[in-house]
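Shown next, in structure tokens, is the structure this report addresses.
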């Protein structure tokens, strides 16, 4: 699912992302050249870790995933668990 569709899905489920949050999402995705899958996973993990969207956390998480050559949702979740960033 493309990131724009993922944002719409979140909105339909009650997650109201402000325009600045959407700007951070677009910036982070472009800045890191992340795939839709990785960007969507970073959004999900940010919401779970922060209980709301935190743009700087999201961008930092994306940078960390990219620098550690993480490519899939499964790898990202495993990485976050192993690094104790989030207990899921």
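The values are calculated or read from the model by the stated rules, or taken from the named source; none is laboratory data. Everything numeric in this text was worked out from a predicted model, so none of it was measured. Cβ coordinates were reconstructed from backbone atoms using ideal geometry, including for glycine residues, and neighbour counts include every protein chain displayed.
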Checklist entry - Do we find a residue being at pLDDT 90 or above and over 11 Å from the mean Cα position of the chain (by Cα) anywhere in the range 33-51? => result yes
Item to check | Checking residue 48 against (1) without any contact (Cβ under 8 Å) to a residue 40 or more places away in the chain; (2) surrounded by fewer than 17 Cβ atoms within 10 Å (Cβ to Cβ), the condition it does not meet | outcome: (1)
Next on the checklist: If I filter the range 1-20 down to residues being touching a residue at least 12 places away in the same chain (Cβ under 8 Å), out of contact with any helix residue (DSSP H, G or I) (no Cβ under 6 Å at 6 or more places or on another chain) and in a helix (DSSP H, G or I), which single residue comes out as surrounded by the most Cβ atoms within 10 Å (Cβ to Cβ)?
Outcome noted: 7
Item to check | Test for residue 70: is it touching a helix residue (DSSP H, G or I) at 6+ places or on another chain (Cβ under 9 Å), assigned to a loop (DSSP other than H, G, I, E, B) and crowded, with 19+ Cβ neighbours inside 10 Å | outcome: yes
